[in-house]
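Where a number appears in this text, it was derived from the coordinates with a stated rule and is not lab data. Given the structure is predicted, the values throughout are model-derived calculations rather than measurements. Neighbour counts are summed over all protein chains in view; Cβ atoms, including those assigned to glycine, are modelled from backbone coordinates with ideal geometry.
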Amino acid sequence: MFSSQLSESSEFRQAQDLAHIVNIVVSGGGAAGICFAGSFKRIEGVRGFSFSHIRRAAGSSIGSVAALAICLGLNPERMFTKLATLDFKKFLDRSSKSKIIYNFFKHRAVSEGREITQELLQFLKEETDRINNDLKQPLDLPAPERLTFRDLKKLGCKDLFIVTTECFMRGNEGGSEQKIWCHLTTPDAPVAAVILASMAVPVLFPGVTFKQDEDKIFSVIPNSTHDPFAMLNFDGGITNNCLLKLFDYRCYLNDGEIERHEDDKESMKFLAEIADFEKPDFGFDPDLRVKNPHTLAFALYPSSDIPKTPIIGYNPLAIGQAIINGFLLSRLNELLRDNHERIIVVNSPIAMTDFDANEELQQQAILAGARAVSRYLGLTDAINEEEYKLPRKYPTNPAPHPAHSVPALSAAECFLMWGSVTFTENPPSPATPPAEKARRPALHK
């Protein structure tokens, strides 16, 4: 059993104690998220730790993708390959200047998120198909853009928790709050749409608007829709970039599975804890809040090797980004003061929005992730850099498997066409836009 009074050099950091970890938290960090590939590969090789023992994972922004990989039960090599080959250049769709201007006026963002949406849906389909095919009685799964938290639970996946920033008007001024999405609070919400919302950095990517009907079923609607029951969601890192304290409640000290049953008081109490985490309730019993020793977080921190340069020309975007990043770092520093023994801090050589980082820098980031685990655990064995070599990202002859191909749709189209999306054997190439355009049904008249 852990103790919060142990010092930094105590038994807490010894490898054998990792067997007690059942909750993983992954922070946001944009393009620096590639560091997690090295961290996960390094810790998986430590005696006493295994991702197969993890029961639940929580993520914010790019960390939500890493948390999803954990929940889907990827083996160590597959997890490393997937995280290390995330093509962050696709995040901005390689848009021309004219396309960026068009996106900004239509979507209020630099990119519409087409390519990252397709990559996420492809990944979700491949892995859920793999899990489903291993079941004795395979389920009739919906298309990946319709896959819900409830569906993941039915597949036997680990519990997934994702945070977004929910925006709204309070009187005459705007406001925002963190919102936790999981099989307990939002079982019928589409996982892919929630992850995209959690990664939607304002200005860079359009947010995602969710509407909940009377049956508590979530649907995605156009951001321009004027609906009093719809809420616009953006990057979860804005309100909570590291969900370490999400599991700091006594109910999570029980290693048993958590199911959601409306008539089960034992399971319904988890909803009260999550509600308290989202918006602290001063009437909540403080004795139910604990420092959970079974939780381990991975958090990104900018490396001191990244040089500081002045902001030229009073650039409002750079100033806004600087203020937000400073706020996020101050929140992380505050979290580290009292929880350093539960957080692996990765000093990333890649900045959050450095989507064009070259392969050499990406390789350094992967190794930085591995070294962070060694530093945290006090491991002295040398890291074999060959084992952490950046996998090849662009195969010579890319040919998608017919069973796993997804239609080339934008983020908005994928979630507004739930009844129309089909998976074709030969999806059109980006080089053939006329065929692509002809295949898509019109969204609005």
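For a protection proxy built on the mean count of beta-carbon atoms within 10 angstrom, sort 244-251, 367-374, 137-144 highest first, please. Don't skip to the end; give the middle numbers.
Numbers: 244-251: 20.0, 367-374: 22.6, 137-144: 13.8.
Descending mean neighbour count gives 367-374, 244-251, 137-144.
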Cβ-Cβ FRET estimate between Arg392 and Arg130, R0 fixed at 25 Å, reported to 0.05: 0.70
Per-residue HN-Hα couplings for region 80-91 [Karplus 6.51, -1.76, 1.60; θ = phi - 60°; Hz; x = Gly/Pro]: 4, 4, 5, 6, 6, 9, 4, 8, 5, 5, 6, 4
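Suppose a student asked you for the relative contact order of region 6-389, using Cα pairs under 8 Å spaced at least 6 residues apart; what percent would you report?
Numbers: 662 pairs, mean separation 89.7, N = 384.
Contact order relative to length: 23 percent.
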Residue-wise HN-Hα coupling along region 184-193, computed from phi with Karplus coefficients 6.51, -1.76, 1.60 (Hz; x: Gly, Pro): 7, 9, 9, x, 9, 8, x, 4, 4, 5
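Please tell me the relative contact order of region 39-93 in percent, rounded to the nearest whole number, where contacts are Cα pairs under 8 Å and at least six residues apart.
So the answer I get is 32 percent.
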Ordering of 318-324, 206-212 by burial proxy (mean other Cβ atoms within 10 Å per residue, highest first): 206-212, 318-324
Per-residue HN-Hα couplings for region 274-285 [Karplus 6.51, -1.76, 1.60; θ = phi - 60°; Hz; x = Gly/Pro]: 5, 4, 5, 5, 5, 9, x, 9, 5, x, 6, 5
Charge sum, other residues only, whose C-beta stays under 13 Å from Gly28's C-beta, Lys/Arg counted +1 and Asp/Glu -1: 0
